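To start, the structure itself, in structure tokens.
Here, each number is a calculation from the coordinates, and none is a lab measurement. Quick caveat, the model's predicted, so the values are computed rather than measured. A quick note on method: Cβ atoms are made from the backbone with ideal geometry, for glycine too, and the neighbour counts reach across all protein chains shown.
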Ligand SMILES: [Zn+2]
């Protein structure tokens, strides 16, 4: 009995850690039983991250651990070791690290949930990780260990189906759109389809074995959605499907809420907005929808709150944003007779209506801005991270665990 973890067996253009685990589980010795595998998303800014930045783990039960370890040795030598150093063809804009696969075996699950939280919230080194009973390979062991120690405190489910090998090099995927529309109608599934564009969110865009991964709040809903999609006539053939327990939509990557006062706003390329605050620069990205729009409506002096990631000290990438207090806006008074905006007559001289010459002693008056305070905004579904928990899942500001096995 023990736990197996696996990570970094994919390059950007081919391979996939979930498929590697599927193949391993399909070829286990007869007397080994596997539990439901886990799929754990890690810190989005990890330096040596894999495409989906996900590691996998599974609990294996056997009366003959030595036979299992011999099998794992052979599997490693035959299938995983050769992947080391691979770099796929890619049109991704980020720099790739060569694949450095890792596999770990723990004969007992270590009680080190804090290491899991470290790996979703910051960069970690292998020296910080709990020591496996056995380990194979390099950097990938970090994610593999994180997947093993994940405490499963907040679970969602993803059913992944893989396509025939002849299709792996193709970016085009055939998944029945009608069935996907029905799957997306089920409130127990999430992030299946973009409600605005009706575009599918279940299939990766690159070349890899995954045909689709459909997410749900329950294991049963993930499984039935994947079965419906796989068996639809307009879906291309699949060679296997598995349901994974995941940390997706857990918000585990986010630390405590940050509050600060706006100093200035700067709109950058494509609408990405930099909010200079008393606590560093907070960035609302171009594709972040309502987050970006709220950021652009802010004024110096506004109090704001955010959840976000800090890829480098003093820079926050906003994932959830809320206006706590809006400073009033200063405007010139309006003439009560003509409704014209009054004009300044010089410092300390008040203002005057340009039409009827009526005067007002105050050069500025304060009006409330038409902005909702204390509501939270988040990016649209197609711009959210796998780890991001939808705002609709929070009640009274408290996370609601949707996972129920
Ligand atoms: Zn007037």
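A few notes on this one:
- Radius of gyration (Cα atoms) of the stretch 226-273, expressed as a multiple of 2.2 N^0.38 Å: 2.25.
- Estimated from helices alone, the mean residue ellipticity of the chain at 222 nm is -5000 deg cm²/dmol (sum of -39500 (n - 2.57) over DSSP H runs with n ≥ 4, per residue).
- Once the Cα atoms are used to define both axes, helix 140-149 deviates from the longest principal axis of the chain by about 90 degrees.
- Nearest-0.05 FRET efficiency for residue 325 and residue 185, computed from C-beta distance (R0 51 Å): 0.80
- Size descriptors for the stretch 243-392 (Cα atoms only): Rg and Dmax, in that order, 20.4, 75 Å.
- Anisotropy class of the chain from Cα gyration tensor, a/c 1.5 cut: prolate
- Spin-label pair residue 394-residue 107: with each label point 7 Å from Cα along the Cα-Cβ axis, the two points sit 4.5 nm from one another.
- Computed over the chain: relative contact order in percent, which uses C-alpha pairs under 8 Å that are six or more apart: 14
- Label zone at residue 290 (point 7 Å along Cα-to-Cβ), backbone N below 13 Å, the stretch 375-391: 375-381, 390-391
- Of the residues 360, 153, the one with the fewest other Cβ atoms within 10 Å heads the list, and the complete ranking is 153, 360.
- Highest mobility in the GNM of the chain, judged by mean-square fluctuation with C-alpha springs under 10 Å and restricted to 273, 334, 70, is found for 334.
- Each residue, residue 374 and residue 1, gets one label point 7 Å from its Cα in the Cβ direction; the gap between the two is 4.9 nm.
- Shape class of the stretch 220-312 from the Cα gyration tensor (axes a ≥ b ≥ c, square roots of the eigenvalues): prolate, since a/c reaches 1.5 or more and a/b is larger than b/c.
- For the chain, the longest principal axis of the C-alpha atoms and the axis of helix 219-231 are separated by about 80°.
- Pairwise centroid distance, computed over Cα atoms, of the stretch 324-343 with the stretch 182-220, Å: 49
- Antiparallel %, DSSP beta bridges [both residues in the chain], to 5: 95
- Cβ crowding within 10 Å, taken as a proxy for footprinting-reagent exposure, orders 191, 345 from fewest neighbours to most as 345, 191.
- Degrees between helix 17-26 axis and first principal axis of the chain (Cα, 0 to 90, nearest 10): 30
- Ratio of Rg to Rh over the stretch 156-246 (Cα coordinates, Kirkwood Rh, two decimals): 0.93
- Residues of the stretch 301-343 with amide N under 20 Å of the 7 Å Cα→Cβ point at residue 355: 331-343
- Full extension of the chain between residue 177 and residue 165 yields a length gain of 2.1 nm, computed as 0.36 nm times the residue separation minus the alpha carbon distance.
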